[in-house]
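> One structure is given below, represented as structure tokens, and several questions about it will come after.
Rule-based calculations on the coordinates, nothing more; no lab input. Just so you know, these numbers come straight off a predicted model, no measurement behind them. Because the Cβ atoms are built from the backbone with ideal geometry, glycine has one as well, and the counts that use them run over all protein chains shown.
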Amino acid sequence: MSKLFGTDGIRGKANEYPITPEIALWTGKAIARFFTKNGERTPRAVIGKDTRLSGYMLETALTSGLVSMGMDVFEIGPLPTPAVAHLTKSMCADCGIMITASHNPASDNGIKIFDSEGYKLPDEIEAQIEADVLQMIRGNNLGGSTGIGKAFRIDDARGRYIEFAKSSIRNNSLAGLRAVMDCANGAAYYIAPLILKELGVDLIRTATSPDGTNINKGCGAMVPQNMVRLVKDYNADIGISLDGDADRVIFSDHLGNIVNGDRIIGLCALDYKKRGRLAHNTIAVTSMSNLGLIDAMEQAGIHTEITPVGDRYVIEKMRELDLNLGGEQSGHLIFHDYATTGDGLISALHVARVMKRENKSLNELAAGFMEDYPQILINIPVKEKVPFETLPELQEMIQKAEKSLAKSGRVMVRYSGTENKCRVLVEAKRKDEAENWSKTLCETIKKVLV
């Protein structure tokens with residue numbers, strides 16, 4: 001039986017292994033078993049979801065598994081992943097569960113689990129839960145519980161998160177800003193526009209009519225072209241494009257230029273440093289961040305910690321070193337003074353607040369402080385994730401590329417943690433170098449893997 005947990009929870013096509021109601025039921029039982037071990041009180045779980053049709057099926061199955069093992073469940077309905085993390089902590093729950101496949105198509109779904117503090121579970125706890133689920137798949141019963149839990153619908157969950165998000169910028173007015181917001185027909189479709197409007201933003205919104213099948217469909221952070229077009233059409237100051245569960249955000253400046261996570265982290269780091277708020281004068285980013293960001297931060301006297309790919313690893317490093325700013329080039333941005341995971345809404349509010357406070361456009365803030373190294377990122381679909389160490393031809397080509405680029409660039413070849421894809425990243429000071437090595441590596445991968 002194949003592994004359940006990837007780099008961001010359990011994910012797959014709905015109604016196919018491992019995203020079936022049976023496995024969701026068993027996952028609920030396994031989660032409850034883990035969190036009921038101390039026996040001091042009735043344990044509690046918060047469950048949220050995005051707008052996928054399959055969310056209803058999985059929510060019901062998970063809830064059944066949880067309550068059957070004596071756990072109370074608070075169902076909060078469609079809300080962003082970071083809202084689940086926040087409400088788990090604020091409602092003193094033992095864990096939080098988000099039903100989402102993030103930026104993936106509507107046919108997919110998944111399960112993310114948070115601890116009582118709102119942080120994603122560490123690998124070792126996921127492994128314990130997975131082991132119990134696999135036991136049940138094999139027909140072994142975990143045993144019953146001495147009690148049965150209850151399920152409650154929390155009607156004011158939206159309002160709680162709205163007030164929390166606004167408080168992250170001390171409810172400062174954003175009046176005078178015109179913004180385009182693409183909500184990906186996802187989890188933030190209702191609350192994100194409401195928050196910006198309450199703070200005074202002149203808002204043009206799009207992709208805010210979910211029907212269960214249109215999440216991320218031609219919209220959202222993975223398809224920012226709609227946002228860019230609307231920014232130009234309406235002469236907006238900023239474009240904000242969320243993904244399906246709103247833990248990721250991509251921006252556009254008033255000229256229609258895409259502003260990725262690297263530049264947002266950089267401009268916020270400079271703002272924090274200027275105001276004496278950057279913890280330990282350090283940020284945390286992943287190995288996918290552009291070398292230009294690291295150079296720019298060094299020139300500004302800011303240290304950069306590099307982590308493996310995945311916002312959970314960024315958070316782990318931030319907790320370890322007590323940092324308050326980090327994230328990924330892909331748009332997972334973590335303002336750790338307020339959030340325990342990537343939060344697209346809080347990120348958008350903080351960027352807008354910097355624009356207002358400095359009285360500068362996003363283009364002025366983001367364009368001048370760093371120079372990107374040419375970076376080529378290619379995603380190659382693969383049928384099977386064959387261990388790279390068993391592919392000597394590919395290993396040899398990677399070593400040649402690394403030797404050629406030396407300190408003036410880098411090569412990364414890795415499998416996606418959530419999809420059957422091999423990601424190839426080549427970065428170099430010269431664009432032609434990056435393109436040539438990217439082409440060579442992709443040809444080798446297609447030869448040995450596809």
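> Setting aside same-chain residues fewer than 8 positions from LYS356, which lysines have a Cα under 27 Å from its Cα?
Within the straight-line limit of under 27 Å, LYS356 reaches these lysines: LYS166, LYS197, LYS232, LYS273, LYS274.
> To continue, here is another question. For segment 71-78, take each phi angle, set θ = phi - 60°, evaluate the Karplus expression 6.51 cos²θ - 1.76 cosθ + 1.60, and give the result in whole Hz per residue in order, putting x for glycine and proline.
Going residue by residue, I get 9, 7, 10, 10, 8, 10, x, x Hz, with x marking Gly and Pro.
> Hey, another quick one. Cross-link candidates for LYS150: which aspartates and glutamates have Cα within less than 15 Å, leaving aside residues fewer than 8 places away along the same chain?
Leaving aside aspartates and glutamates fewer than 8 places away in the same chain, those within reach of LYS150 are GLU59, ASP72, GLU75, ASP94.
> Per 10 Å bin, what percent of the C-alpha pairs of segment 365-421 does each bin hold, from zero upward?
In order of increasing distance, the bins hold 18, 39, 29, 12, 2 percent.
> Something else: As a test of understanding, state the convex hull volume per residue of segment 160-254 from its alpha carbons, in Å³.
Convex hull volume per residue, Cα atoms: 86 Å³.
> What's the extension gain from GLU163 to MET412 if we count 0.36 nm per residue and subtract their Cα-Cα distance?
Length difference between fully extended and current span is 85.5 nm.
> 7 Å from Cα along Cα→Cβ at both ARG357 and ASP202: what's the point-to-point distance in nm?
Going by the 7 Å Cα→Cβ label model, 2.4 nm.
> Something else about it: Beta carbons within 10 angstrom, averaged per residue: use that to sort the peptides 271-282, 186-197, highest first.
Ranking, from highest mean packing down: 186-197, 271-282.
> By average Cβ neighbour count within 10 Å, what is the ranking of 317-328, 371-382, 433-444 from highest down?
317-328, 433-444, 371-382
> Let's test the formula: R0 of 25 Å, r as the Cβ-Cβ distance of GLN225 and GLU371. What FRET efficiency results, to the nearest 0.05?
Between GLN225 and GLU371 the formula returns 0.50.
> Sort the following peptides by mean Cβ neighbour count (other Cβ atoms within 10 Å, averaged over residues), highest first: 167-176, 77-86, 21-30.
With the highest mean Cβ count within 10 Å placed first, the list reads 77-86, 21-30, 167-176.
> Separate question: How high is the relative contact order of segment 1-134, given as a whole-number percent (alpha carbon pairs under 8 Å, six or more residues apart)?
It comes to 31 percent, rounded to a whole number.
> Please give me the summed charge of the neighbours of GLU358: other residues whose Cβ is under 12 Å from its Cβ, Lys and Arg +1, Asp and Glu -1.
With Lys, Arg at +1 and Asp, Glu at -1, the neighbours total +4.
> Quick check: Cα centre of segment 390-406 to Cα centre of segment 218-273, how many Å?
35 Å
> Starting from the Cα of LYS13, draw a straight line to each of the lysines and keep only those under 28 Å, dropping any in the same chain fewer than 8 residues away.
The qualifying lysines are LYS3, LYS29, LYS49, LYS112, LYS120, LYS217, LYS383, LYS385, LYS421, LYS446, LYS447.
> Among THR7, HIS103, ILE31, which residue has its Cα furthest toward the positive end of the charge dipole of segment 5-155, with +1 on Lys/Arg Cβ and -1 on Asp/Glu Cβ?
Farthest towards the positive end: ILE31.
> DSSP beta bridges in the chain, what fraction antiparallel, as a percent rounded to 5?
So the antiparallel bridges amount to about 55 percent of the total.
> Per DSSP H run of n ≥ 4, the term is -39500 (n - 2.57); total these for the chain, divide by its residue number, and report the mean residue ellipticity at 222 nm rounded to 500 deg cm²/dmol.
Result for the chain, helices only: -12000 deg cm²/dmol.
> Counting Lys and Arg as +1 and Asp and Glu as -1, what is the net charge of the other residues whose Cβ lies under 14 Å from the Cβ of ARG277?
+3
> About its Cα centre, what dipole magnitude does the chain give when the only charges are +1 on Lys and Arg Cβ and -1 on Asp and Glu Cβ, stated in debye to the nearest 20?
340 debye
> Gap in Å between the Cα centre of segment 140-156 and the Cα centre of segment 182-212?
First find each Cα centre; the distance between them is then 33 Å.
> Relative to the present Cα-Cα distance, how much length would full extension add between ASP322 and LYS447 at 0.36 nm per residue of separation?
40.5 nm
> For Rg/Rh (Cα atoms, Kirkwood Rh), several values are listed as (1) 0.97; (2) 1.23; (3) 1.05; flag the one computed from this structure.
Of the labelled values, this structure produces (1).
> Same structure, new question: What FRET efficiency comes out for LYS37 versus ASP432 if R0 is 56 angstrom and r is the Cβ-Cβ distance? Round to the nearest 0.05.
It comes out at approximately 0.45.
> May I ask you to compute the full-extension gain from LYS3 to SER209, defined as 0.36 nm times their residue separation minus their alpha-carbon distance, rounded to one decimal in nm?
70.7 nm
> Follow-up. Name the residue farthest towards the positive end of the dipole of the chain from the options GLN375, ALA284, LEU174, assuming +1 on Cβ of Lys and Arg, -1 on Cβ of Asp and Glu, about the Cα centre.
The listed residue farthest towards the positive side: LEU174.
> Sum up the charges of everything whose Cβ sits under 14 Å from the Cβ of LYS439, counting Lys and Arg as +1 and Asp and Glu as -1, but leave LYS439 out.
Summing Lys and Arg as +1 and Asp and Glu as -1 gives 0.
> To continue, here is another question. Obtain the nm distance between the two label points defined at ASN141 and GLU117 by a simple spin-label model: each point lies 7 Å from its Cα along the Cα-to-C-beta direction.
Label at ASN141, label at GLU117, 3.8 nm between them.
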